[in-house]
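The values are calculated or read from the model by the stated rules, or taken from the named source; none is laboratory data. All figures in this text were calculated on a predicted structure; none of them were measured in a lab. Positions of Cβ are generated from backbone atoms using ideal geometry, with glycine treated the same way; all protein chains shown enter the neighbour counts. Just so you know, the surface numbers come from the protein's heavy atoms only, side chains and all, with ligands and any DNA or RNA stripped out. Shrake-Rupley method; radii C 1.70, N 1.55, O 1.52, S 1.80 Å.
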Amino acid sequence: MAYEAERQFAEYQETGRKLGDPGVFKQTRGWDDTANVTRGQRAKEESSDYRYFPDPDLVPVTVSSEKLAVVKAAMSESPAALRTRLKTTHGITPYDSDVIVNQSRAFVGYFVAAATASGDGKMTSNWLQQDVLRVMSENNLTIENYPVSAAALADLLKKVKAGDVDTSRGREVLQRMFDTGEDAAAAMASLGIQKVDESALTALCEELVAANPKLVADVKAGKMQAAGAFVGQAKKKNPNANPARVRDLCLEIIAKLP
């Protein structure tokens, strides 16, 4: 097709002739794979040669602009437009929007409801892809019979964002919600998960820093991975301690040391 487009244009530039001019006929051309050119195979007849005539049993169809507008309004949103809307409205990547749209219209609806309620499209997309889709696959479910509603998932995500539960334990909560039908608050209570008061968390971090001079020295020497050991110790003392907050507090306390 690319070759033929160039050939026809070059011929027009050279002769100025176009289809319908004397001596210019329709023709079938075939591709010569060896020479990389097209070659004429046969001339094509005009419609009159085929004895075309209107079918007397088919009445003319006239479609008004109003009818077209009604049909267009009834059509569902195209996948391409849907991907664009998800990216623009909820701030997700082209890859994420493609994964979501490729699931089903119902899955898109679930995402939109959860992302709108949670206020974080990217976070919602991550949890849907990493957790919801995995559980759906393991249990041969569709989003229509996935037992955790979009509103319930959004409620959990808001609690994770607020620091009421860390991401790791949040996934335990989601599994509990799936297994029992409990909402996020009830599932957290069943698992013994509760937000640790900031003052209590600060006191715990001060205790850990005082008890680990070697880790403190490593952190001061620039070995920031040593801060991870504080997190492990904090979780042993209080499973509800938020890992990210523990790390930040320990670093803040160490930075103030002489």
| query | Among (1) in a helix (DSSP H, G or I); (2) open to solvent by 60 Å² or more (accessible area, probe 1.4 Å), where does Ser76 come up short? | reply | (1)
| request: Could you grab me the full set of residues in region 140-176 that are among the aliphatic types (A, V, I, L, M) and either over 24 Å from Val99 (Cβ atoms) or at pLDDT below 95 (or both)? | output: Val160, Ala162, Val165
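Kindly indicate whether Thr167 is free of Cβ contacts under 8 Å to residues at least 24 places away in the same chain and either under 18 Å from Asn242 (Cβ atoms) or among the basic types (Lys, Arg) (or both). It would help to see each step written out before you state the result.
Working: free of Cβ contacts under 8 Å to residues at least 24 places away in the same chain: yes; either under 18 Å from Asn242 (Cβ atoms) or among the basic types (Lys, Arg) (or both): yes.
So Thr167 passes the test.
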| query | Any idea which of Ala186, Ala217 is within 30 Å of Glu144 (Cα to Cα), open to solvent by less than 70 Å² (accessible area, probe 1.4 Å) and either free of Cβ contacts under 8 Å to residues at least 24 places away in the same chain or in contact with a strand residue (DSSP E or B) (Cβ under 7 Å, 6 or more places away or on another chain) (or both)? | reply | Ala186
| field | Every residue from region 79-102 that is open to solvent by 80 Å² or more (accessible area, probe 1.4 Å) and more than 10 Å from the chain's Cα centre (by Cα) | value | Arg85, Thr88, Thr89
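So which residues in region 30-63 are modelled with pLDDT of 75 or more and open to solvent by less than 100 Å² (accessible area, probe 1.4 Å)? Let's see the steps before the verdict.
Start the filter on region 30-63 by keeping residues that are modelled with pLDDT of 75 or more, which leaves 30-43, 53-63.
The answer is Gly30, Asp32, Ala35, Asn36, Val37, Thr38, Gly40, Ala43, Asp55, Val63.
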| task | Take Leu153 and decide whether it is among the aliphatic types (A, V, I, L, M), touching a helix residue (DSSP H, G or I) at 6+ places or on another chain (Cβ under 9 Å) and crowded, with 19+ Cβ neighbours inside 10 Å. | result | yes
